[in-house]
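Heads up, the thing below is written out as structure tokens.
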Amino acid sequence: MSLSRRHFIATTAAASASLAAAPMPMRTLGKTGAKVSVVAFGGGSRFLSYKEDEVETVLNRAMELGITYFDSAFGYGNGESERRFGRVLKPHRSKLWLVTKTNDRTYDGTMSLVEDGLKRLQTDHLNLIHAHSLTGPEDLAELEAPNGALKALYKLREQKVTQAIGVTSHTDPETLKNALERHDFDCTQMALNAARVGQSEPRPASFEATALPVAQRKNMGVIAMKIFGQEKLVGKAPIDKLIQYSLSLPVAAVVLGMPKMEMLEQNVAIAKSVRVLNPAERNELFKSMADQKASIDRYFADHLDC
């Protein structure tokens, strides 16, 4: 082995150890009072792209780097994401904020998904269950029906199967705003990035302008997602600026899909040294994203998060 190669390995190992030793910023998740890592590990399609024998390594590294928030859903591989999380995270359960989501809108269907999800996740309780991917008024009406999923979520929280309940949306800020105004949610998760800020016809205002203020007023824990616009913003602005933008909003965490170990390392490094952007800096970044806004809105108009 050459001296330069030895030096490279030593330097890389030292940098890796240093990153793990640096403290992960923690924020309070609204009315839950829980402290969670500002980086949430996304269990969606990017996580499912790992081979089975890579799963333990990447999840253990995520925990080593200080990530405590792990985000899953039944819709991610019909329970495969939950199964993978459960297999690795079980011994660390008490230290983690474990989340899943259900896409069924009925009471019985939601109860069944959660019961099976607990088995896959190898736990007897969850920290947060979301009604997954609210799409529009008709979808909200199904959620609110007498035997709808909302009734199930309230029951699960009452029975302490879950500490908190929430709702997510990628597509319709106005419908999410209505859901947050009408109901007793603890948390919400919404698409918040530098390309989805102002008005966009024929759609209503963005999540940032419409739903986020309601969540703030009701002291809900807010989780940002789609901060890279499903990778459509990558290359349009520096990765660190996109992460900084979303973490400069009144959110507790950003959910990131990280299909490669180096992405996990890079995103955590950015979060650990994040500088909150002031309003002028956020506005400047937004302006630089203006030509991306229409295409991003079109993409998320019928996006299915599964």
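The values are calculated or read from the model by the stated rules, or taken from the named source; none is laboratory data. Everything quoted here is computed from the prediction, not taken from an experiment. Here Cβ is always computed from backbone atoms with ideal geometry, including for glycine, and neighbour counts include all displayed protein chains. Side chains are part of the model used for accessible areas, which takes the heavy atoms of the whole protein and leaves out ligands, DNA and RNA. Shrake-Rupley method; radii C 1.70, N 1.55, O 1.52, S 1.80 Å.
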Semi-axes in Å, largest first, for the stretch 95-215 (Cα gyration tensor, √(5λ)) are 26, 16, 11
Any residue on another chain or 5+ positions along whose placed amide H is under 5 Å from the amide H of Asn127 is listed here as Leu98, Gln163
Note: probe point = Cα of Arg93 + 7 Å toward Cβ; backbone nitrogen < 15 Å; residues of the stretch 160-195 passing the test are 160-163
Here the net charge surrounding Leu118, from other residues whose Cβ is less than 11 Å away from its Cβ (Lys, Arg +1; Asp, Glu -1), is -2
Here the net charge surrounding Val222, from other residues whose Cβ is less than 14 Å away from its Cβ (Lys, Arg +1; Asp, Glu -1), is +3
Result for the chain: accessible area per residue, probe 1.4 angstrom, in square angstrom, of 43
Sorted list, accessible surface of protein heavy atoms, 1.4 Å probe, largest first, for Met225, Met63, Met261 is Met261, Met63, Met225
The percentage of the accessible area of the chain (probe 1.4 Å, all protein chains present) made up of carbon and sulfur atoms, to the nearest whole number, is 53
Scoring only Lys, Arg, Asp and Glu (+1, +1, -1, -1) among other residues with Cβ under 11 Å from the Cβ of Phe185 yields +1
Of every Cα-Cα pair in the stretch 13-122, the percentage lying beyond 25 Å is 25
Output for the chain (equivalent-ellipsoid semi-axes, sqrt of 5λ from the C-alpha gyration tensor, Å, descending) is 30, 25, 16
